Every structure is written in C-alpha cells, then in structure tokens.
Ligand code: EPU
C-alpha cells in the first residue's frame with residue numbers, strides 16, 4: 001500500500017485549479033440510470049471512488065465512456081443505459097463505497113426493482129440509511145431486507161410529501177435518492193427538511209436539464225413534479241468545495257500564498273469566515289466565467305488565533321473540513337473548541353495528530369485544541385479520507401519527516417494530491433513501504449519507487 005513521505009517546513013506558494021466535486025459526481029452518475037438517452041458529465045475528477053461508481057453502473061447495465069470529441073473537456077464521461085434488466089448492487093462493491101446507495105432511488109423509479117446491499121458503518125461511526133428508505137416508502141416503494149440486501153419494488157412511484165429531517169439534521173444522499181426517484185413519480189413530491197448542500201443543487205440542475213421539473217433545490221423544501229420520461233443532458237460538475245477548502249488550509253498552515261482558479265467561494269462562506277477569524281487572509285481576486293466560482297488568493301503569516309467551531313449541515317461549517325481545520329488549529333496561539341454535530345465519532349485523526357505533538361483533549365463530540373508552537377514529524381496512519389488529509393497538512397507544517405501510510409484513502413477524494421502539493425513547493429513523495437522493505441531485505445539501496453494513483457477499486461476496511 002502506498003504511503004507519503006513529507007519533509008515539513010516548506011512554504012506553499014503558487015496557483016492551482018480546483019477539480020470537479022467527487023460528492024456531486026457520484027449521485028449525478030447514478031442519476032444517469034433514469035435517462036433514456038446518453039448523459040455527458042464534464043469535469044469529473046479522476047478518483048478511485050469515481051472508478052468504483054463506474055464499475056457499479058457497468059454491473060447495472062449502464063456503460064461509462066470517456067466522451068470523445070469534446071475538446072478541452074478533461075474528465076468528460078458519457079453514461080449510456082444498455083441493459084435495463086440488471087438491478088443488483090452487490091455487497092463487494094457497496095462495501096468499498098457507501099455512496100453506492102445513490103443507485104437505489106433511480107433503479108426503483110426507472111426499472112421498478114432494486115436490490116442494493118445494505119451499507120455498513122464506516123471508520124467514523126454508524127451511517128444509517130433509514131431516511132432514504134422512509135422517503136422511498138413514502139413514494140410507494142415496497143421495501144424489505146433480504147440477506148443483508150435492501151430490496152425495493154414499485155410499479156410506478158406516486159408523489160407524496162416527505163419529511164427527511166433526522167437526529168443529525170438533513171441527509172445529503174437521502175435527499176439525492178428521493179429527489180431523483182420522484183422525478184419519474186406520478187404527481188407532485190415535496191421534500192421537507194431537504195439537504196441544502198450545493199451538490200443537491202447540482203443534481204437538480206442535471207435532472208432539470210434531463211427534463212425533470214424540480215424547484216427549490218438549495219432550500220429545505222424541494223418540489224418535484226413527476227414526468228413520464230427523462231432524456232439525456234450535457235452538464236459540467238461543480239468544483240469540489242472540500243478539495244478547495246483543504247488546499248486553502250494547506251496554504252494557511254504553511255504560512256503560504258496560494259491563488260486558486262475556480263474557487264467555489266459562495267459554497268465555502270462558513271470556512272472562509274472561520275479562516276478569517278483565525279487570521280488567514282482570503283481575498284477574492286476576480287469572478288470566473290462560471291458564476292459559481294471566482295479566483296481567490298489565500299495568504300497567511302501563521303500568527304493564528306484560536307476559534308470556536310461547530311460542524312453543521314450546509315451552509316454551516318462542513319464536517320468534511322473539520323479534520324483539516326483541526327490540524328490548523330493545533331498551531332494557533334491559544335485554545336480552540338471544535339464540536340462535530342454531523343458525525344459525533346469523526347475524530348480518528350485526533351490520536352494520530354497527538355503523536356505529532358498536538359495537544360488535543362476530546363470529550364464526546366467536542367475536542368479542545370491547545371495550540372502548540374510546533375508539530376514534530378512522525379509515522380502516522382490514515383484512517384479515512386478527510387482524517388488522512390488532516391495528517392498530510394500537519395506533516396507539511398511539522399518539523400522533520402512525516403510518513404503517512406494507507407494513502408489509498410486520499411486517492412478516493414483528492415486527485416494526485418502529492419503532485420498538487422509538490423507543484424506548490426511541498427517536499428512530498430509517494431512511495432511503497434512494502435517495496436522499500438523488500439529491497440532493504442534484498443540488500444539494495446535504490447531510491448523509493450514513486451507509484452501512480454490507483455485507477456480501480458480501492459479496499460476500504
Ligand atoms: N443519517 C441518518 N439516517 C439516514 C442518513 C443519514 O440518521 O438515513 C445521519 C448520518 O448518520 C449523519 C447525518 O444524518 O449523522 C448526515 O448524513 P448524510 O446522509 O447527510 O451523509 P451522506 O449523504 O451519507 C454525504 C457525503 C459525506 C459528508 C456527508 C455530510 C457523499 C458521497 N458523501 O454523505 O462525505 O460527510 O454528506 O455532509 O456525498 C466525504 O466526502 O469525506 C464524506 C464522508
């Protein structure tokens with residue numbers, strides 16, 4: 001398994017472009033199951049989760065091709081349904097990627113049947129799907145559990161009013177599932193307490209381009225008037241707000257100066273506000289062609305102030321940036337308080353950051369961060385996607401060498417992260433510790449082998 005070797009202390013500077021959003025791409029790819037004609041998606045990031053989704057869709061009779069003849073469109077794919085009789089999402093695939101649950105709504109709405117393996121928990125706790133099932137049942141789907149699989153059937157779904165709020169707020173993929181399914185239902189569906197995340201707006205934009213009649217996406221009430229059929233569309237995915245936020249924090253933690261093309265500023269207001277409270281300068285430089293982004297410059301003198309921060313559903317501070325911000329707050333002058341309201345167990349990075357000299361005290365869903373003058377490089381283990389990102393950021397700021405193992409977690413959500421950081425001046429390389437060890441045992445002393453980002457299914461323990 002690949003690892004990163006980071007020599008901390010380099011100041012990051014330069015200019016980067018933000019990739020398309022993983023968390024938007026996955027439900028949008030699943031929405032292609034609803035279409036009678038090909039759906040082209042542009043700006044799809046090259047990540048192992050995207051490869052996994054393409055693999056799952058192929059098993060469901062929906063082929064993914066890179067779109068030929070679209071000049072200047074990196075990451076453009078076309079999805080085409082070729083066998084509508086296939087309706088099973090197997091455990092082997094679902095367990096590698098929880099977002100596989102996105103196919104449930106489109107399958108039952110368009111093909112009348114779905115068998116989707118029930119996703120289990122993940123590294124940061126239980127992640128139930130009860131709200132997804134409640135929403136689809138409200139639309140008339142018959143749902144049962146069979147041998148660990150969710151089996152859903154329906155002749156034609158019927159519009160209904162559905163309340164999708166849960167104990168931890170709204171559900172993003174639950175909203176995506178119910179909204180997608182309702183596009184082909186008979187009559188009108190109203191989703192109350194819908195997730196307001198930009199990824200839901202992007203999905204609604206695609207579905208409307210395919211012929212759906214959705215209004216209110218981005219607000220807690222979404223109205224969907226069902227239609228008889230959906231056609232194809234050509235759609236560019238929104239930039240990844242979590243990737244942009246992660247690299248902004250990388251700039252801040254290294255005392256850096258980074259300019260971002262396509263920074264999704266309006267989607268990151270909570271994080272921008274937090275960075276400014278900390279003392280990081282985030283400046284809009286100009287508007288981009290795409291109204292959803294602008295050019296932004298992030299600079300930091302690394303005299304960081306502490307903050308009190310709570311993760312919340314959008315537009316609040318995103319849980320997917322909590323681990324990275326926590327790494328930054330380790331270097332602030334004073335005590336910060338970080339509370340996780342979406343996934344109260346999402347603190348796998350805390351013990352690893354402590355190994356690097358961070359002073360962190362956790363009590364339930366809250367961590368008190370006592371700022372320190374310096375972090376010290378250490379071998380640390382990545383446990384999930386965003387926790388891994390936080391360890392890399394800490395390694396960039398730490399004195400000495402940090403080895404982050406199991407970086408396949410990072411490959412799920414960041415396109416060639418080490419190359420992006422190296423281009424900004426970081427001393428970072430990918431290597432395979434197992435190959436190094438084998439070489440050492442064999443008595444050789446060659447330099448480490450730099451390997452490439454895995455293109456196919458990556459295991460998630
Ligand atoms: N929840 C329920 N019941 C449900 C569904 C969710 O109680 O049926 C709870 C969850 O346990 C959690 C809260 O509701 O406490 C919110 O979960 P949500 O359903 O919104 O999460 P998700 O849709 O499964 C997406 C992202 C996550 C991101 C969350 C929250 C994708 C593929 N995943 O997950 O992204 O953390 O929304 O914003 O879009 C990541 O990218 O690292 C990641 C984990």
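Counting only residues that are at pLDDT below 95 and in contact with a strand residue (DSSP E or B) (Cβ under 6 Å, 6 or more places away or on another chain), which one in region 375-392 is nearest to residue 339 (Cα to Cα)?
382
Answer yes if at least one residue in region 100-118 is buried (at least 19 other Cβ atoms within 10 Å of the Cβ) and near the ligand (Cβ under 8 Å from one of its atoms), and no otherwise.
Yes, region 100-118 contains a residue that is buried (at least 19 other Cβ atoms within 10 Å of the Cβ) and near the ligand (Cβ under 8 Å from one of its atoms).
So which of 214, 222 is in a strand (DSSP E or B), in the same structural domain as residue 81 (by TED's automatic domain parsing) and touching a residue at least 40 places away in the same chain (Cβ under 8 Å)? Walk me through how you get there before you give the answer.
Details: 214 fails: touching a residue at least 40 places away in the same chain (Cβ under 8 Å).
Exactly one residue qualifies, and that residue is 222.
Taking the stated definitions as given, is residue 27 touching a strand residue (DSSP E or B) at 6+ places or on another chain (Cβ under 6 Å), in contact (Cβ under 8 Å) with a residue 24 or more places away in the chain and not assigned by TED's automatic domain parsing to the domain that holds residue 417?
no
Could you say which residue among 167, 182, 138 is at pLDDT below 95 and over 21 Å from the mean Cα position of the chain (by Cα)?
One residue alone meets the criteria, 167.
Considering every residue within region 63-78, establish whether at least one is in a loop (DSSP other than H, G, I, E, B) and in contact with a helix residue (DSSP H, G or I) (Cβ under 7 Å, 6 or more places away or on another chain).
Filtering region 63-78 for residues in a loop (DSSP other than H, G, I, E, B) gives 67-76.
Among the residues that remain, those that are also in contact with a helix residue (DSSP H, G or I) (Cβ under 7 Å, 6 or more places away or on another chain) are: none.
No, the conditions are met nowhere in region 63-78.
Pick out, from region 252-360, the helices (runs of 4 or more DSSP H) lying fully within it that include 1 or more residues that are in contact with a strand residue (DSSP E or B) (Cβ under 8 Å, 6 or more places away or on another chain) and within 16 Å of the ligand (Cβ to nearest atom). If you could, list the steps in order and put the result at the bottom.
Working: elements: 269-278, 322-329, 348-355.
Per the criteria, 269-278, 322-329.
The values are calculated or read from the model by the stated rules, or taken from the named source; none is laboratory data. Please read these numbers as outputs of a predicted model, since none were measured by experiment. All Cβ positions, glycine included, derive from the backbone under ideal geometry; neighbour counts span all protein chains shown.
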